[in-house]
Every structure is written in C-alpha cells, then in structure tokens.
Amino acid sequence: MRTLSRVGAVCAVASAAFLIAPIAHATAPGDNGTVKIHDATTGEELRKNEPHVCTFYLDAFGFDAVQEVDWHIEAWAPTADVKGETVKSGEITLDTDGHGRTDDLSLPDGHYKLFWNFEGENGAAKHKVFWTDCADEEGGGGTATPTASASGTPGSGESASPSAEPGESAEAGASPSASSSPAASASAQGSTGDLAETGNGAPVGLLSGVSAALLAAGGYLVVRRRRA
C-alpha cells in the first residue's frame, strides 16, 4: 500500500509539472518570436530567411502584441574593417499580432549580423547573419542584355535564308528514304513471318507425335494390367 501511494504521489507531481510547463512557456513574453531578413521584393507574409540580399528589410513574426523592439546591425567578419562596429540601427513597435517590418534598408556589399532586442526578453537577443551583394545583381543584369540583343539582331535577317535551304534539301532527301522504307519494312515482315512459321511448325508436329505415342503406350499398359 505504501508503495502504491508513493507511485501515485510521483505521478501526481509529474502531471502537475507537465500542466504547468506550457503555461509558464506561454507567459514568457516574446521569446517565441522570430525575425527574418527579406529581400525588398519579398512579401511580408512569407516566413523565410534570405541571407543574400541587396536592398532588404527586417520582418518579425510571433512576438507579443504591441511589443517594442530595438535593433542594430554590426559589420561582421570576414569583410568588416572593424568587427562589431554598428553600421545601422533603429526601433519598431509590433502590431497586435506580434508582427512588424522595418522600412527598406541598404548597406555596402559585405557581411553583417543583425541583433534584435525586444521588451521583456528572457534570453539573448534574436540574431541573423547575412550578406549584401548588389554588385552581382547589377553585373548579372548587364551581361544578360548584350547576349540577348546580339542573338536577336543577326538571327532575324541572315539565318532565315540559309535555314530554309537546308530544310528544303532535308525534305528532298526525306522522300527517297520514305519510299525505301516500305520495301524494307515489307521485306523485314516477310522474313520474320517465314521464320516464325518454319520455327513454330516443326516443334508442334514433333510434340503432337510424341504425345500420341505416349498416350498409346499408356493405354496399352492399362489394358495389360487389367487382363493380368
């Protein structure tokens, strides 16, 4: 009885702990929120992080209602002249759903780290490491334009006439091949048909003869046993 009462007490304590833990976690202000780096063209509703951007903004989700946030961005290795130097900062008040975004931001190409501090936080600040690289985006657009224009300009006038001539020669060459194909197919079918008949006829006759002989031998043996 004492053992059962002790087991019951332990179970009761464990159940109480499981019930209290979610309540304690739910009342922890803001720590369950998250912040993302978004390209300026990315919609606010998408909860994805984009660590390589040009113009960007900070997008927060799941924090407490109307929570005040202080944030700053530091230059980060390996591109920082002075690691930890604050290069941009600001503050924002989130909406009633714990969501908010900053204005569009821009920084020189390099490596950076965001620190997101909010009112009532229990742990460390939220943070994100990201790169800004506008040179690649501009360079990629510049190289794509000349290739497209170069392919379009000469192709419209000169390539049309030569392409038609090979096309006609191909059609002319296609007609004899088409006329020869029926004969080839017919001969192939005839040869395969003859082989099929000669190959199948002999075994069928042989098997029928053997089966007849076996049936006759079996009947003879049955009659002989009955007479004996």
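Listed values, structure above:
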quantity: Computed accessible area, TRP131, all protein chains, 1.4 angstrom probe, square angstrom; calculated: 90 Å²
quantity: Stokes-Einstein D (µm²/s) once Rh is taken as the Kirkwood radius of segment 59-110 over alpha-carbon pairs, at 25 °C in 0.890 mPa s; calculated: 198 µm²/s
quantity: Per-residue ³J(HN,Hα) for segment 47-55, Karplus 6.51 cos²θ - 1.76 cosθ + 1.60, θ = phi - 60°, Hz, x for Gly and Pro; calculated: 9, 10, 9, 10, x, 10, 9, 10, 7
quantity: Sequence of HIS72, HIS111 from largest to smallest accessible area, 1.4 Å probe; calculated: HIS72, HIS111
quantity: Mean Cα-pair separation over length for segment 33-102, i.e. relative contact order, pairs under 8 Å, 6 or more apart, %; calculated: 33 percent
quantity: Formal net charge of residues neighbouring LYS128 (Cβ-Cβ distance under 9 Å; K, R +1; D, E -1); calculated: +3
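The values are calculated or read from the model by the stated rules, or taken from the named source; none is laboratory data. Keep in mind that what you see is a predicted model, and the values were worked out from it rather than measured. When we count neighbours, we look across all protein chains shown, and the Cβ atoms used for this are built from the backbone with ideal geometry, even at glycine. Please note that ligands, DNA and RNA were not included when accessible areas were found on the heavy atoms of the full protein model with its side chains. Shrake-Rupley method; radii C 1.70, N 1.55, O 1.52, S 1.80 Å.
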